[in-house]
Amino acid sequence: MTRHRMAALMLGTALAPLSALSQPILLDEITLTADGDVPARIAPSTEQIEDARIGTIEDVFRAEPSVTVSSGIAISERVFVNGIDEQQLSVTVDGAAQNNRMFHHTGTNMIDPGLLKAARVDPGVAPADAGFAALGGSIAYETKSAIDMLEDGQTRGGRVTVGYGDNDGTATGSVTLYGRQGPVDALIYAKRATGDAYEDGNGLTVPRTGADLSSQALKLGAEFGDWRAELGAIRFEDDALRPYRANFTGTVGGRPVPETRRYTLEQSTQTLTLRRTVADGLLDPEIRIARSRNQLDTIDLPTADAPDPDYNNGDADTVSIVVQNSMTVNGVELTAGVDNYRTRATYDGVYDGEASSYREDRTTTGLFVQARGTAGDIDYSAGLRHDFSRFTGAGGQQLDTDGTSANADVTWHATDALALNAGLSTVFGGTQLASVYEFSDGLLPDDAYDALDATRAHNGVMGVEWRQGATTLGAELFQTRIDAIRKGLVSRDLESRGFRLSARRDWQGGFAALRYSDTDVELDGQAASSFDLRELGTVPGGMLSLEARHQVMAGVTLGGVIQHAFEEDGQGDDVDSDWPSYTVVDVFAEYEPAAFRNVTLRAEVNNLFDRAYADRATYGADFTSVVQQLEPGRTVAVTADLRF
């Protein structure tokens, strides 16, 4: 880390506790922080999720520098945790495992923040019950149900949210209806966002970036005796003309391609859950059957020379079954169970006039147990899982692997103010599926997969947290190494290491939080370019954020987030540019009229100083031949939220 970066970090950390001059009052935790028995857990607060209700997942994690999100449009957003692509994490929505392998020019899991109840990120060390192949950790998204929305004494209700952003003329509207009658409850949700291409900070239109997003959800619940059954169905769709490569604007030189083609992305998740609502300490079972599906079609536009254009159809889905039970024995909570995942990836299309079709499959069955408890001043969590995996290649080849995963983390409350924590894990990942759009004839020979080994990750985290009154300071070291990660038909080794620092000050009516993350990512022991790291990771380097929120008077709240990315040298043999620094300021004001407590009005200015920049996780800054997809310039947005 450079001296100027360290100086700025130390100065900011030292000044953060002085951000409030009033008598401090420690409020309930409402920021991204460590949580319970998982020292490194990152969990956006309810307020942060609500702030993003008409935005995208990038807005949910805006204040957390160790979670970066690429691209300026929803279809190509990818989440990176400590520089690791979410394809290398276990990702679930309402407990349903997501099949997040499709196309390196698009995102992997589209999430509508308007549906979110909670989001939890376990960087690196994830528990055994987080699911199979949590190589670089896990991300768990939980969506709302009618029970979450109903207030005390209420049997039915609704919510209408409308918003408008002036930069791209994006209009957003969502409707949620929910209710409960006897033992049955239901929630229906629908959202639509449309707009034109936005302008970047240079005042130039970024072509084919207009919003065209639809999302719907249905959640049903029923209680009978001590049991509750829940059925959920969620669907997202983005269907529009996009840049030929959706995650960047174009290239200088290289293979000539059209300016645009049609991208149709549809993601869906269905879950059926049965669980006991009254636990007796020994019997708290849960059964979950789920399916997630990711469909992406890209269609070239017909021309006079090619009246029958090329097209690509990708289809990836996962069917999962989880049966588990939680029990408490001598003060220790034990969760044990079995899970099964059947994952399928299929491609068919016409490329350069030639038709082709391919498919890969993987079926995995795992046994797991996770223990959580407290012994004196120590909180602990430890778990094991063993997975049996069968991989079937595109030519019918079969690879059978099995392996054990283990995790442990400990938090020692040395004093009332000081806590020390450490965590380790080793994670079995089996033979990985390729991304659907990577399939080719090279997968068909009998020996095509012979160079692939079973993937295994090793994670470590060590941290300290000090809380005194309204001030919280934290520091953390982390390292993730993934051996035999799949890249095409060869095995590579990926490593991410770095540290996080944070300082927070609470006061009556608000808080300020300063966070810094510095991450280095290497491939095969060498610094790598964004091209080398496609679908594996990114080059985050040093990232700093300052988040603040204050209720200036009853019903009026002001706040914002400042993000700063430090300049990073381009890495890799073929790069010819560096990663530039940038500073972005987003501010907002919210008003809840005293006479209408069910109404919230919000005005915000994103990219206040109209900076021209691409998010640090966005592909291509290290190549002058890549025309990066810059983020929107200054955008004034207004939102009205009505609850009834």
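Count the net charge of all other residues whose Cβ sits under 11 Å from the Cβ of Q154, scoring Lys and Arg as +1 and Asp and Glu as -1. All intermediate terms of the calculation are to be shown ahead of the outcome.
Numbers: positive: R156, R180, R643; negative: E151, D152.
Spelling it out: positives minus negatives among the neighbours equals +1.
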Inset, instruction - Work out how far the C-alpha atoms of the stretch 393-432 reach from end to end along every principal axis, then list the three figures in whole Å, largest first. - result: 60, 15, 8
Inset, instruction - Per DSSP H run of n ≥ 4, the term is -39500 (n - 2.57); total these for the chain, divide by its residue number, and report the mean residue ellipticity at 222 nm rounded to 500 deg cm²/dmol. - result: -1000 deg cm²/dmol
Legend entry - Inter-label distance for I147 and V257, nm, one decimal - labels placed 7 Å from Cα along Cα-to-Cβ: 4.6
Legend entry - Hydrodynamic radius of the stretch 120-226 per Kirkwood, over alpha carbon pairs, in Å: 17.4
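Over the chain, what relative contact order in percent results from Cα pairs under 8 Å that are six or more residues apart?
Numbers: 1879 pairs, mean separation 93.8, N = 644.
Relative contact order here is 15 percent.
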Inset, instruction - Mind checking the full-extension length gain between V160 and A222? Use 0.36 nm per residue of separation minus the Cα-Cα distance, one decimal, nm. - result: 19.8 nm
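Across all directions of projection, what mean area in square nanometres is found for the Cα convex hull of the stretch 536-602?
Values: hull surface 27.3 nm².
If I average the Cα hull's projected area over directions, I get 6.8 nm².
In whole Å, what three semi-axes, largest first, describe the equivalent ellipsoid of the chain built from its Cα gyration tensor (square root of 5 times each eigenvalue)?
On the way: eigenvalues 234, 192, 154 Å².
Its equivalent ellipsoid spans semi-axes of 34, 31, 28 Å.
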Legend entry - Compactness of the stretch 360-515, expressed as Rg and Dmax over alpha-carbon positions, Å: 21.3, 67
Legend entry - Simple label model, 7 Å out from Cα along Cβ direction - V552 to D416, nm: 3.7
Legend entry - Distance histogram in 5 Å bins (all Cα pairs of the stretch 195-336, percent per bin): 2, 8, 12, 13, 12, 11, 9, 8, 7, 7, 6, 4, 2, 1, 0, 0
Legend entry - Sequence-distant lysines (8 or more away, or on other chains) whose Cα lies within less than 27 Å of K191: K117, K144, K219
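Considering only the other residues whose Cβ falls under 13 Å of the Cβ of H550, what net charge follows from Lys and Arg at +1 and Asp and Glu at -1?
Details: positive: R505, R549; negative: E47, D506, E547, E590.
After counting each charged neighbour, the total is -2.
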Legend entry - the stretch 454-518: projected area of the alpha-carbon convex hull, averaged over directions, in nm²: 6.0
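Relative to the compact globular guide of 2.2 N^0.38 Å, what is the alpha carbon radius of gyration of the stretch 444-582, as a ratio?
Working: Rg = 20.5 Å, N = 139, 2.2 N^0.38 = 14.3 Å.
Expressed relative to 2.2 N^0.38 Å, the Cα Rg reads 1.43.
So for the stretch 62-126, what are the equivalent ellipsoid semi-axes in whole Å, largest first, each being the square root of 5 times an eigenvalue of the Cα gyration tensor? Please list the in-between numbers first.
Values: eigenvalues 52, 43, 39 Å².
Rounded to whole Å, the semi-axes are 16, 15, 14.
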Inset, instruction - Would you mind calculating the gained length between A171 and V627 on full extension (0.36 nm times residue separation, minus the Cα-Cα distance), in nm to one decimal? - result: 161.4 nm
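Report the local net charge at P243: Lys and Arg +1, Asp and Glu -1, summed over other residues whose C-beta lies under 10 Å from its C-beta. Let's see the in-between values first.
Working: positive: R208, R242, R245, R261; negative: E259.
Computed value for this residue: +3.
Counting residues in the stretch 512-644 as N, plug N into 2.2 N^0.38 Å and put the Cα Rg over that result.
Numbers: Rg = 19.2 Å, N = 133, 2.2 N^0.38 = 14.1 Å.
So the stretch 512-644 has a normalised radius of gyration of 1.36.
Quick one: plug the Kirkwood hydrodynamic radius of the stretch 253-395 (C-alpha pairs) into Stokes-Einstein at 37 °C, 0.692 mPa s, and report D in µm²/s. Before the final figure, lay out the partial values.
Values: Rh = 19.3 Å.
It comes out at roughly 170 µm²/s.
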Inset, instruction - Please name which of Q216, Y347, G158 has its Cα lying farthest along the dipole of the chain towards the positive end, using unit charges on Cβ (Lys, Arg +1; Asp, Glu -1) and the Cα centre as origin. - result: G158
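Rank the residues F644, F531 as a footprinting-exposure proxy: fewest other Cβ atoms within 10 Å of their Cβ go first.
Listing F644, F531 from fewest to most nearby Cβ atoms yields F644, F531.
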Inset, instruction - For an R0 of 51 angstrom, estimate the FRET efficiency from the Cβ-Cβ distance between D377 and T303 and round to the nearest 0.05. - result: 0.10
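The numbers here are math on the coordinates, done by the rules we state, and not lab data. Fair warning: this is a prediction, and the values are worked out from it, not measured in the lab. For neighbour counting, all protein chains shown are included, and Cβ atoms are generated from backbone atoms with ideal geometry for every residue, glycine included.
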